[in-house]
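What follows is a set of notes on a single structure, which appears directly below.
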2 protein chains.
Amino acid sequence: MKKVVVIGGVAGGASAAARIRRLDEQAQIVMFERGPHVSFSNCSLPFYLSGVVADSKKLLMMTPESFEVKHNIDARVNSEVIAINREEKTVTVQHTQTGEVTTESYDKLVLSPGASPIVPNLPGTDLPHVFTVRNVVDIERLHTAIVERDAQNIAVIGGGFIGIEVAENLRLAGRNVALVEFAPQILTPFDEDMVQILHKEMVDKGVDLIVGDGLANITPTTIGLNSGTEINADIVVLAIGVRPETMLAEKAGLTIGETGAIHVNQNYQTNDPNIYAVGDAIEVYHRLMHKKVRLALAGPAQRQARAVADHMYGIPVTNKGVIGSSSIQVFDYAAAATGLNERTAQQLGLQVEAVYVIAPDKVGLMPSSNPLHFKLIYEVPTGRVLGAQAIGKGNADKRIDVIATLITMNGTIEDLKELELSYSPMFSTAKDVVNIAALVATNLMAGRFKQVRVHEVRSLVEQGAYILDVRERAEFAQGALKGAVNIPLGELRERMAEVPKDVPVYVSCRSAQRSYNAVMALNHNGYTNVANVSGSFLGICLYEYYQDQAQQREPIMTQYNFK
Amino acid sequence: MKKVVVIGGVAGGASAAARIRRLDEQAQIVMFERGPHVSFSNCSLPFYLSGVVADSKKLLMMTPESFEVKHNIDARVNSEVIAINREEKTVTVQHTQTGEVTTESYDKLVLSPGASPIVPNLPGTDLPHVFTVRNVVDIERLHTAIVERDAQNIAVIGGGFIGIEVAENLRLAGRNVALVEFAPQILTPFDEDMVQILHKEMVDKGVDLIVGDGLANITPTTIGLNSGTEINADIVVLAIGVRPETMLAEKAGLTIGETGAIHVNQNYQTNDPNIYAVGDAIEVYHRLMHKKVRLALAGPAQRQARAVADHMYGIPVTNKGVIGSSSIQVFDYAAAATGLNERTAQQLGLQVEAVYVIAPDKVGLMPSSNPLHFKLIYEVPTGRVLGAQAIGKGNADKRIDVIATLITMNGTIEDLKELELSYSPMFSTAKDVVNIAALVATNLMAGRFKQVRVHEVRSLVEQGAYILDVRERAEFAQGALKGAVNIPLGELRERMAEVPKDVPVYVSCRSAQRSYNAVMALNHNGYTNVANVSGSFLGICLYEYYQDQAQQREPIMTQYNFK
């Protein structure tokens, strides 16, 4: 009879234990959890702050009792493993309340210690109104503090998933929320061109968003930033990032990888073959970056947990590495991303191209149709799809899941162009936005047209480049790039002589569809230096708006238009 | 300069013409449309009946004028091509209003004549209150007739996509609607086990649904069915199916395939290389069935149209065949399917297995979380994924698009199990329902457990088989299979002796998750003939409910429970 000890009773640990039981009814399974709860819904924690999750007890999915009766698993809470004694194959456990120390033997050990919120060493981070969010106890403490103090002004430090979700849920609860992010943007899975849409949404919904500035200090009523800015804050939430919990592993002589997380092999074994490790504490192989990375996501943790159980019982493990798929709700917008973004691909020295399309998420006639913003990143010259980002009020996650599947199956832009997805007017369009992006990409790859990107337009406008806007006059009147020339697509053929042949021509419309037709017409009429403005006016307005406000700079358009 | 003539100005024809223009600014493009409109949104027609689309003019996406000014395409409506003169490379065109006959020459010809609604040769089908739905004129006529007569009772004949959408939109408009389908079920992309959920939804929403009965005759106030049933009907809509419009092609000596549609090669050329054909009038290669089929869907038509333009201009055509992805809203439910269903796979003699899982479409804590019903069909022994069906109040189409992608990329259940999809509590679960289905399938393939299917349960109950229900007592009390024995999962290990070893044991819970844990525990305790009841009680209630009502038969449960 096998005896398995699991360290960490949330996500990875709990999943591993349950699968072990299903594979082996006789195994003795003991699970130690430092905190008072096992198996809670980490990803749902922030939703308690807005009342979307009304009762914090509902965040708990299992209890030690239900582990016992349902799975015959001995789950012990408030029990911190303080040492792994590899030679004796035992762990030393200390009860967090009684201080009592006991020893438990194992045949196989599974480490799932997770990662802890980073608390920077800055003045005031130890004050009692400063919080982090890792578990149910944390979120209850934070919620109680806000309610008891009736805190009106809350500062959230960090623009990652947790920071954004905490900020959003507090804002939905009617609080004044400042969100501070050190990097120039929130949510690093997204490229800077796409994320501006989310920056705008945060600001539109009343969040005081500050990017490119870091926390310097905390006082009982304010936070100070590196720039010297002071912000009133009755409560501060630190969501800067997480650090893998490796201390126990290190003490036991287990190898820590270059990323600072626990090193594991393809079967999630540490350098001690009797000790497995899973979840946020380990480093994993990124199948597109071809190197080890840290990736604190629930889906991969669950797959790792299952793989550990399978390997223990001789079932071959499939380790496809990770690609990093994620999604988040940001007020009215859904945002999702998978694979490499353009920034990372360039940092890795990959040769990539990207296209950005704006297309209706449903047939335009349907009442809930909204523009979907979709960016596709692919390798040149192979056309291999490497990543995608989707943002919109509709179903962004669906498009990203299609791309995640395609990436995993080594698909190309040609495959994507031909994908036969389900269609009805309520759910999509006959050519879905992902198909359209692939069509643009294959046309670009074939050299049928050239493009400029939204982030390049400002300097074109400032240089007085020739920008041809082919929208209708009424649209043009409601906002246009400064200096742009308006020739509606329907007049272009007869008025083409007005378009100069001796300078580069940049063609724009609302969302780059009509302009593409114009580009092709110009290309076929002897124009040799024509480019389509990717994203066009709608994309440019969304790209520029937040940056213009934040930097108090002169807009490049006569007025914004987000329709 | 090339001269291209396009026959048919909707969907395929319009798309081909636009792409040809983008590839060749000089080409002369003439498009003939028999009806008064070009380029309308076919798939949105039924939504005009409920007012979701308030103005029928909005169904028109382009006009002859906009084709002219935007694309320099000569689109001529009310112009029926009555002959193709292949030797002279001309077409003979008759104006539908003036009767005037003209001739137009072509270098290349594109046929996109579509398919026409089938009107059966039965008494009364020629009465003035009998309608079909193909175009904007049809839907306006139908709508006007309903309003003018204030028709309260409407019969829709045919349970395909158009029939269901017409029925739903008329019901939403407050009419009494009877839907009659000759086959034993509506919506043939779905298997009979899955479609019962939609049958129930139609009935729940007040549609008088009659399956397995055919139209016999129509009188001015009633319809008669084969069974002898008479139904009051002030208006009758025939949506039995469509027939490819091949007459023109046949007259011109173009080859018609075995399916009755126009035969084309891999580049969508007919047997005359100067004549291409696309859309509902052609037959296409099914990449899973390995044979030609008819598939009247908008997405494939658009891809064919593009391929035709590309081939004309020397751009290599990718023809991956079709897999048949579709989706539909049925009142509160979204339903989507891709690839082969189990019925078709069996008819083809393929060796397949299917799993049916019910899992939350989002994290259960989220207010809009709902069960998603998901069926996966895969080949044995290869594990190659062949098809899937998803039905739920949430995002069914997303799951099907993932599977459509996987099928196209030749993925297996092992690939699906490992797919890293985007996750946040608002959009999905850490292991998405598609991953879960693949886990069930791989466990089944590995022989780790056995299953019985929802459609097999009735005879098990009737035979008095030993059915073990492992739900909690309170759940069991709210409805259970007749004769089932209740031992909650938490008590199973201590009470296992109560479970007989000498008879087959069928284990059920609410949605087959707890029962799976119980099955594994029994398997490991010397039970050799245990099966998990796929879909379990929730699935069985949904499967049985409509059939029980329609056949007025005795339920196999003490009471239904759909929660």
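The values are calculated or read from the model by the stated rules, or taken from the named source; none is laboratory data. For clarity, every value in this text was computed on a predicted model and none was experimentally measured. Ideal geometry is used to build each Cβ from the backbone, glycine not excepted, and the neighbour counts take in all protein chains shown. What goes into the accessible areas is simple: the full protein's heavy atoms, side chains included, and nothing from ligands, DNA or RNA. Shrake-Rupley method; radii C 1.70, N 1.55, O 1.52, S 1.80 Å.
Miscellaneous remarks
- Accessible area expressed per residue, chain A, with surrounding protein chains retained (probe 1.4 Å, Å²): 36 Å²
- Spatial offset of segment B:285-322 relative to segment B:470-549 amounts to 47 Å, using the alpha carbon center of each.
- Against chain B, whose longest principal axis comes from its Cα atoms, helix B:136-149 is set at around 70 degrees.
- Within segment A:211-285, GluC sites (Glu not before Pro) in DSSP loop having at most 14 other beta-carbon neighbours inside 10 Å: A:Glu258
- As a fraction of the 1.4 Å probe accessible area of segment B:111-154, surface on carbon and sulfur atoms comes out at 50 percent.
- Using alpha carbons only, the radius of gyration of chain B set against its Kirkwood radius gives Rg/Rh = 1.03.
- The alpha carbon centroids of segment B:325-374 and segment A:399-438 are separated by 19 Å.
- Residue-by-residue Karplus 3J(HN,Hα) for segment A:522-535, coefficients 6.51, -1.76, 1.60, Hz, glycine and proline x: 5, 3, 7, 10, x, 7, 10, 9, 10, 9, 7, 8, 4, x
- Between the Cα long axis of helix A:396-408 and the first principal axis of chain A there is an angle of about 80°, rounded to the nearest 10.
- Exposure rank, largest accessible area first [A:Lys320, A:Lys200; 1.4 Å]: A:Lys320, A:Lys200
- Cleavage-rule hits, chymotrypsin sites (Phe, Trp or Tyr not before Pro), segment B:519-563, DSSP coil, Cβ neighbours within 10 Å at most 14: B:Phe562
- Helix-only arithmetic for the protein assembly as shown: the sum of -39500 (n - 2.57) across DSSP H runs with n ≥ 4, divided by the residue total, places the mean residue ellipticity at 222 nm at -8500 deg cm²/dmol.
- The equivalent ellipsoid of segment A:450-551 has semi-axes of 22, 14, 12 Å, largest first, where each one is the square root of 5 times an eigenvalue of the Cα gyration tensor.
- Ranked from shortest, the separations from the 7 Å Cα-to-Cβ label point of A:Met496 to its equivalents in the other copies are 8.1 nm.
- The chymotrypsin sites (Phe, Trp or Tyr not before Pro) of segment A:247-349 that meet both conditions, a loop assignment by DSSP and at most 15 other Cβ atoms within 10 Å of the site Cβ, are A:Tyr313.
- Copies compared at B:Asn217 - label distances in nm, ascending, label defined 7 Å from Cα in the Cβ direction: 9.6
- Backbone amide hydrogens, once placed in the peptide plane, bring A:Val81 within less than 5 Å of A:Gln94, excluding anything fewer than 5 places away on its chain.
- Cα-based helix-to-principal-axis angle, A:536-551 vs chain A, degrees rounded to 10: 60 degrees
- C-alpha center-to-center spacing [segment A:69-140, segment A:146-179] in angstrom: 27 Å
- If you sort B:Thr408, A:Thr229, B:Thr103 by accessible surface, 1.4 Å probe, largest first, the order is B:Thr103, A:Thr229, B:Thr408.
- Contact order relative to length of segment B:450-551, as percent, for alpha carbon pairs under 8 angstrom and 6 or more apart: 34 percent
- Gyration tensor (alpha-carbon) shape descriptor, the protein assembly as shown, a/c threshold 1.5: oblate
- Interface of A with B. Using a 1.4 Å probe and counting protein heavy atoms only, the two chains hide about 7600 Å² of accessible surface, both sides summed.
- Cα gyration tensor shape for segment B:339-472, rounded if a/c is under 1.5, else prolate or oblate: oblate
- Accessible area in the full protein assembly, largest first, 1.4 Å probe, for A:Val293, B:Val330: A:Val293, B:Val330
- For the pair B:His95 and B:Val137, the difference between a 0.36 nm per residue extended length and the Cα-Cα distance amounts to 13.4 nm.
- Relative contact order (percent, whole number), segment A:412-456, Cα cutoff 8 Å, 6+ residue spacing: 38 percent
- Pairs from the list B:Lys393/B:Lys482; A:Lys450/B:Lys393; A:Lys291/B:Lys431; A:Lys450/B:Lys2 with a Cα-Cα gap above 32 Å: A:Lys450/B:Lys393.
- Cα gyration tensor shape for segment B:433-479, rounded if a/c is under 1.5, else prolate or oblate: oblate
- Average partner coverage of A:489-499, which counts Cβ from other chains inside 10 Å: 2
- Carbon/sulfur fraction of accessible area - segment B:402-534, other protein chains in place, 1.4 Å, %: 50 percent
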